[in-house]
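Data block below; observations after.
The values are calculated or read from the model by the stated rules, or taken from the named source; none is laboratory data. Because the structure is a prediction, the values reported are computed rather than measured. All Cβ positions, even for glycine, are placed from backbone atoms using ideal geometry, and neighbour counts span all protein chains on display.
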Amino acid sequence: MIHLQALSKTYETPAGSFEALCGIDLDIDAGEFVAIVGKSGSGKSTLLNMVGGIDRPSSGSLTVNGASIASLTHNELAMWRGRTVGFVFQFFQLLPTLTVAENVMLPMDFLGTLPGSQRKKRAMDLLDRVAVADQADKLPSALSGGQQQRVAIARALANDPPVILADEPTGNLDSETSTAIFKLFGELSSEGKTLLVVTHDREAAATVSRTVTIADGCVA
Amino acid sequence: MIAPRWRKVLRDIGQTPLRTALAVVAMAAGAFGVTMILTSYSILKRELGTMYTDTRPASAILTIDGTVDDTLVDSVRRMPGVADAEARPVIYGRIQVAKDHWLPLTLFVIRDFSDIRLDRFKPDSGAWPPGDDEMLIERSSLSVANASLSDRVIIRTSDHAEHAVRITGTVHAAGLAPGWMEHAVTGFVSWSSHLRSSATSADQLRLLVATDALNERHIRDVASKVEASINRKVTRIDVPTPGRHPHAAQMDTFLFLLGAFGALTFALSAVLVATMIHALLTEQLRQIGVMKTVGASTMQIAALYLGQVAILAAAALAIGIPLGIDAGGAYARFAASMLNATLRSTLPPLWIIAAEVLAGIAIPLLVALGPIARASRITIHEAFSNDIGRHPFGTRRFDRWLARIQWLPRPLMLSLRTTFHRRGRLILTVATLAAGGAAFIAALNVSAAWNRTLAADARGRRFDVQAVFSRPVPIAQVQQVLDKHPDVVHAEYWIESGAMLGETNVSLIGPDANTKLLDLPLIAGRWLQPDDEAVAVINQSALAHDLHLGGNIPLRINGKIVTWRIVGVVNELAPHANVYAPPRTILAATGKSPDLTRSARIVTRQRDIPGQLAAAKSIEQALNNAGIDVAAVQSLSDSRKSFADHLVIIKSALIFAALLVVLVGGLGLTSTLTLNVFERTREIGILSAIGATPRTIARDVVFEGMVMAVLSWFIAVIAAIPITFALDDAAGRMFIRSALDFYMSPTAVAAWLLLVLILAALSRFHPARRSARLAVREAIAYE
């Protein structure tokens, strides 16, 4: 599903060049639940951003779900991302002026994946799936952190993408909620979704099918 | 059902009511300003354009020696090339407006008040037509005459006879200049008026050409043919500039200034819109990143924000356009009253409203297109980055220079660095402030330039009182009166006559060779010298007739062409052409007697304004007592005021523009600077977190505003220079045929600095304190 070959990323900064990733080779199969661990600044999030098409590699090749990301234009990449990848962030990144249900409907709205009349039902199904359907008409600010992250997961699933990428999804949650979130990820994995999760949470990382450790931009 | 993304747009607008209100108010202020100017411009252009032509102005006026009777008029009406003709004798005299205070009076004798064919006027109030010992007065003259309806006024005709005449009604003669502006009174009497039988009148025959009514040469040809065929002595043929109201130059200048400031207000509002959009997008970057993450394309994101701008612009238009139309109508009414015009409607043409709506939506969208396109193309990585821009502080040379400033208190240093680091924000804010400042300063500069032109012209005329006689009188007779008069220090009797320069009437003025009473500023060449012969010094209005220094000026005097060499050009505050020549040159060309004069220029003992006025009265009295037929005695301060009154409308446009800029700019600036503080909420949160008090934060944010204000003021002063030059040039050329002298008004420059500093302080203090009082967590929250 995800194929990285000699993937490198170098940033030019005022202080000089900084190599965030140094020739990573990595293959992840469909349905795998992979945790990426490592110290702060090791390159975990950079790697995730490359896979999700948020950032482009400096060299090497990257194929996700059969698509070579480097060859896609800006707009093709947006479309591809909407259909192929669902993102979950540490700080949830829900749009504050949309209700919970509307946040989940937004990706469908942008990609037009379902007829307008069916989007609300799908959003409600997904919210039910992550156990926050009763919060559907509230604004994100009225929800707890755990509930917001569940909504973010529902939003990530809106267009039924084969790949879910999560960057420190439990970094802002208590341990009980963190365990629940990882349990949910596990269920998604068992349903065939490919999950790549950046985390510091060693306990949670133990529940995944594979752990990849990154140190100084390289797979350790 | 509205799609979630469009709901986001609507809720984003509603989510921050203060910010939305500020943005809408700033845009509405721009829409208001532009609508107001366009409305008044279009109303005045429409109404003034038809106002004059509706009077059916005469193409030519023939002054005839002898009575113009109905038979003559009928025969002229039947002549080829003549569409219509009318007799209109004119009685020139004086009207008493107070004890010993007389003003010039022109009374038109009307053949038939029920059949006025040319230079029409309409009843305004009171009776119509007047009885035999009654007169109607032009409505703008009533206050000048210091009279009311039904008052009996004293009129002194040129034969020194005084007549008591009752004013029974007012009329509106749209083709005449307002009486208050001319400092003269105009009235109308009937054919059977007692005045007509007792006073001398200049019998005029007015005619309208049948075709080619705007062709001056054709009109003169027709008038000459009429002159040749009527078998009467025609003493003078006047051809008013076809299609031009007597105050057309003022109207043109006024409308030009309105248009110019309309464009400046428009530019100001466009910059305001750009500032609003910049503020909006800065705050939305992270959300753009989120939307891109979930699959939004660049186009979809751009459409969302363009939609948001369109909604805000529509709201601004809903406020700005109706208010602008109302205010524009009110201003048009005021301006029309200045020009003795009556507006039939104060509604702007529909196309103006349609264009305003279209432009009001399209312009913000166009202005927004660039920033929105840039923001929509931003990568998710950039959108989520906490870096302020692509260039962190310290990576540019200017940043490093700024970092070397160590002597300021640290919080102020931070403010300064923040100000200059966020260049996009700085440029837009400063541009908004500077655009407003430049327009404000330019408006006051042009107004001051008019004042200075007026003062410079007055300085060049060193006499205090000018007496004009109804007919040429012996110089010795006048001299005898003035030499004995206690108020008179010095008097000169210049030779004056008229001539034609092409199709234009020009005044020939022959001052004394060694005159001390005239020192007009020279644009080129030299002034007249005692031994000069057949030379002329012309003013800039004459120069506009394809003449040049060193060349010849061809003048038609008494039917003959004479040419004089142009040795100098003077700058004179006069829209008409004046030619100064040695007295003997004028006498030789006109054949006039050197012993007769039509005017005297007098230096009085008391030279202040009350002294001039008192002297004018007593000199008039003395001349009258000596049997000298005085047409007018005017103090220089009076004639200066008369000219200044001609500028009232122009200066009103400038003051109006300056006030509008203060209003539009003031609201815009307040909004911009306030929004600017909102943008810094996160930074303020960090400062609070590390111990800065609300007071310290407010002080620093206000300081930052002051830095922007001073910077913008500096740019405004520089930008005002070319704008002032352009306006001085165009407005001066339209009205007095020469550019006004450039002048940078220190008052305007200082006033704008003060204004912008006050605005900066007021608009930043409150939001800064508010932001500083927010909980730190709230201020640095991610969303």
Unmet requirement for B:ARG404, which otherwise passes all of (1) at pLDDT 85 or above; (2) over 39 Å from the mean Cα position of the chain (by Cα)
(1)
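Please determine, by comparing only the residues of segment A:63-83 that are touching a residue at least 40 places away in the same chain (Cβ under 8 Å) and surrounded by fewer than 21 Cβ atoms within 10 Å (Cβ to Cβ), which one is nearest to the other protein chains (Cβ to nearest Cβ).
Within segment A:63-83, the first condition is being touching a residue at least 40 places away in the same chain (Cβ under 8 Å), and the residues that meet it are A:63-65, A:82-83.
Adding the requirement that they be surrounded by fewer than 21 Cβ atoms within 10 Å (Cβ to Cβ) leaves A:63, A:65, A:83.
Numbers: A:THR63: 20, A:ASN65: 14, A:ARG83: 7 Å.
This residue is A:ARG83.
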Test: B:ALA315 is over 30 Å from A:THR97 (Cα atoms) and either of a type in the set (Gly, Ala, Ser) or modelled with pLDDT of 90 or more (or both):
no
Collect the residues in segment A:120-139 that are modelled with pLDDT of 90 or more, within 12 Å of another protein chain (Cβ to nearest Cβ) and within 21 Å of B:GLN287 (Cα to Cα), keeping them in residue-number order.
A:ALA123
Filter segment B:330-352 for residues that are in contact (Cβ under 8 Å) with a residue 40 or more places away in the chain and over 30 Å from B:ASP645 (Cβ atoms); which is surrounded by the most Cβ atoms within 10 Å (Cβ to Cβ)?
B:ILE352
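Could you check segment A:81-139 and list, in sequence order, the residues that are polar (S, T, N, Q) and at negative phi?
Residues of segment A:81-139 polar (S, T, N, Q): A:84, A:90, A:93, A:97, A:99, A:103, A:113, A:117-118, A:135.
Hits for segment A:81-139 are A:THR84, A:GLN90, A:THR97, A:THR99, A:ASN103, A:THR113, A:SER117, A:GLN118, A:GLN135.
Name the residues in segment A:141-167 that are of a type in the set (Ser, Thr, Tyr) and more than 11 Å from chain B (Cβ to nearest Cβ), would you? Spell out how you get there, then give the answer.
Start the filter on segment A:141-167 by keeping residues that are of a type in the set (Ser, Thr, Tyr), which leaves A:141, A:144.
Correct list: A:SER144 only.
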With criteria (1) outside any helix (DSSP H, G or I); (2) of a type outside the set (Phe, Trp, Tyr); (3) at pLDDT below 80, B:ALA267 comes up short on (1)
State which residue pairs qualify: first residue free of Cβ contacts under 8 Å to residues at least 40 places away in the same chain and inside segment B:700-719, second residue surrounded by fewer than 24 Cβ atoms within 10 Å (Cβ to Cβ) in any location, beta carbons under 8 Å apart, and separation of 6 or more residues or different chains.
none
Restrict the check to segment B:170-177 and report whether at least one residue is within 25 Å of B:HIS247 (Cα to Cα), at pLDDT 90 or above and out of contact with any helix residue (DSSP H, G or I) (no Cβ under 8 Å at 6 or more places or on another chain).
yes
Enumerate the pairs (first residue in segment B:55-78 and without any contact (Cβ under 8 Å) to a residue 24 or more places away in the chain; second residue anywhere and surrounded by fewer than 20 Cβ atoms within 10 Å (Cβ to Cβ)) with beta-carbon separation below 7 Å, excluding pairs fewer than 6 apart on the same chain, so at least 6 apart or on different chains.
B:ARG77/B:ASP84
Within segment B:253-260, is there a residue that is in a loop (DSSP other than H, G, I, E, B) and either under 30 Å from B:ARG737 (Cβ atoms) or more than 14 Å from chain A (Cβ to nearest Cβ) (or both)?
no
Considering segment A:16-62 alone, what residues qualify as being more than 14 Å from every other protein chain (Cβ to nearest Cβ) and of a type in the set (Asp, Glu)?
A:GLU19, A:ASP25, A:ASP27, A:ASP29, A:GLU32
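Out of B:THR71, B:THR63, B:THR20, which single residue is modelled with pLDDT under 85 and surrounded by fewer than 20 Cβ atoms within 10 Å (Cβ to Cβ)?
Numbers: B:THR71 fails: modelled with pLDDT under 85; B:THR63 fails: modelled with pLDDT under 85.
Exactly one residue qualifies, and that residue is B:THR20.
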Limited to segment A:85-119, what total is found for residues that are of a type in the set (S, T, N, Q), under 18 Å from B:GLN300 (Cβ atoms) and more than 8 Å from chain B (Cβ to nearest Cβ)?
1
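Output the strands (runs of 3 or more DSSP E) that fall wholly within segment B:397-505 and possess 2 or more residues being more than 25 Å from B:ALA616 (Cβ to Cβ), or say none.
Passing ranges, in order: B:495-501.
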Looking for something touching a Pro at 6+ places or on another chain (Cβ under 9 Å), in a loop (DSSP other than H, G, I, E, B) and modelled with pLDDT under 90 - is there at least one such residue anywhere in segment B:584-592?
yes
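Go through B:GLY49, B:GLY30 for me and flag whichever is under 22 Å from the mean Cα position of the chain (by Cα), surrounded by 20 or more Cβ atoms within 10 Å (Cβ to Cβ), in a helix (DSSP H, G or I) and more than 14 Å from chain A (Cβ to nearest Cβ).
Working: B:GLY49 fails: surrounded by 20 or more Cβ atoms within 10 Å (Cβ to Cβ).
That would be B:GLY30, the only listed residue that is under 22 Å from the mean Cα position of the chain (by Cα), surrounded by 20 or more Cβ atoms within 10 Å (Cβ to Cβ), in a helix (DSSP H, G or I) and more than 14 Å from chain A (Cβ to nearest Cβ).
A quick yes/no check of all residues on (1) within 14 Å of chain A (Cβ to nearest Cβ); (2) of a type outside the set (Lys, Arg); (3) out of contact with any strand residue (DSSP E or B) (no Cβ under 6 Å at 6 or more places or on another chain):
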position	(1), (2), (3)
B:ILE43	no, yes, yes
B:ASP69	no, yes, yes
B:ARG77	no, no, no
B:GLN96	no, yes, no
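Table: residues versus (1) in contact with a helix residue (DSSP H, G or I) (Cβ under 8 Å, 6 or more places away or on another chain); (2) modelled with pLDDT of 90 or more; (3) surrounded by 14 or more Cβ atoms within 10 Å (Cβ to Cβ).
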| residue | (1), (2), (3) |
| --- | --- |
| B:SER497 | yes, no, yes |
| B:MET500 | no, no, yes |
| B:LEU508 | yes, yes, yes |
| B:ASN514 | no, no, no |
| B:LEU520 | yes, no, yes |
| B:LEU528 | no, yes, yes |
| B:VAL537 | no, yes, yes |
| B:GLN540 | yes, no, yes |
| B:HIS545 | no, no, yes |
It is to be established whether one or more residues within segment B:226-233 are out of contact with any strand residue (DSSP E or B) (no Cβ under 6 Å at 6 or more places or on another chain), among the acidic types (Asp, Glu) and in contact (Cβ under 8 Å) with a residue 24 or more places away in the chain.
no
Only one of (1) within 30 Å of B:ARG206 (Cα to Cα); (2) within 14 Å of chain A (Cβ to nearest Cβ) does not apply to B:ASN231, and that is (2)
Residues in segment B:379-396 that are surrounded by fewer than 19 Cβ atoms within 10 Å (Cβ to Cβ) and either in a helix (DSSP H, G or I) or at pLDDT 80 or above (or both) total 3
Pairs returned, first residue in segment B:611-638 that is not assigned by TED's automatic domain parsing to the domain that holds B:GLY93 and buried (at least 21 other Cβ atoms within 10 Å of the Cβ), second residue that is acidic (Asp, Glu) and at pLDDT 85 or above, beta-carbon separation under 8 angstrom, 6 or more apart or interchain, are B:GLN612/B:ASP464; B:ALA615/B:ASP464; B:ALA615/B:ASP487; B:ILE619/B:ASP487; B:VAL630/B:GLU620; B:VAL633/B:GLU620; B:SER635/B:ASP464; B:LEU636/B:ASP464
